[in-house]
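To start, the structure itself, in structure tokens.
The values are calculated or read from the model by the stated rules, or taken from the named source; none is laboratory data. What you are looking at is a predicted structure, and each value in this text was computed from that prediction instead of being measured. Every residue, glycine among them, receives a Cβ derived from its backbone with ideal geometry; neighbour counts consider all protein chains shown. Heads up: the accessible areas ignore ligands, DNA and RNA and are worked out on the full protein's heavy atoms, side chains in. Shrake-Rupley method; radii C 1.70, N 1.55, O 1.52, S 1.80 Å.
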Amino acid sequence: MNGLWEEIRIALHTIWTRRWLGLAVAWGVCMLGWLVVSQIPSKYDSRARVFVQMRSVLPAGSDPAAANDAARDVDTVRQTLTSAVNLEKVVRGTELAQTVSNDRDVADRVAGLQNAITIVAQQDNLFEITTTAASPKLAASITRKLIDIFVETNLSDDRSQNTQT
């Protein structure tokens, strides 16, 4: 027991005599860690839930089996929301329009938005749209514009169907 106590006392004495070296190493590790963390880019998410009445958005098919195919309906809504035409409208209607000068820049922003936007079906008619951007204001405006375009498109389709009827 005395041998163990003596070893602990010697180890503590050695640590105490080299405390400044330990403090310098700890500060060096902290500075390096802070530098690495400060270089990580900020990413902000904007989430919105949208309730979609499938039969008013999607035309009812003649085949009853196809009309009840929920997976196909979800994919159709997802493709409609993230189509290149809609995403180009989003680019031109948000702050992203300030950073584009030609059609190639618009195409690059559209490709970036396709990666930054995820649409997940939570239930049959409930979708969650998540947008990731470098600033919270940009993420919110992209999500808001995407929803606005989707609603406007569906309202104009409803109006044209009512007119034809």
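Within segment 24-46, being open to solvent by 80 Å² or more (accessible area, probe 1.4 Å) and of a type in the set (A, V, I, L, M, F, W, C) holds for VAL25, TRP27, VAL29, MET31, LEU32, TRP34, LEU35, VAL36, VAL37, ILE40.
Just a yes or no: is a residue in segment 81-94 at pLDDT below 85, within 20 Å of GLN53 (Cβ to Cβ) and either touching a Phe, Trp or Tyr at 6+ places or on another chain (Cβ under 7 Å) or charged (D, E, K, R) (or both)? Yes: segment 81-94 contains one or more residues that are at pLDDT below 85, within 20 Å of GLN53 (Cβ to Cβ) and either touching a Phe, Trp or Tyr at 6+ places or on another chain (Cβ under 7 Å) or charged (D, E, K, R) (or both).
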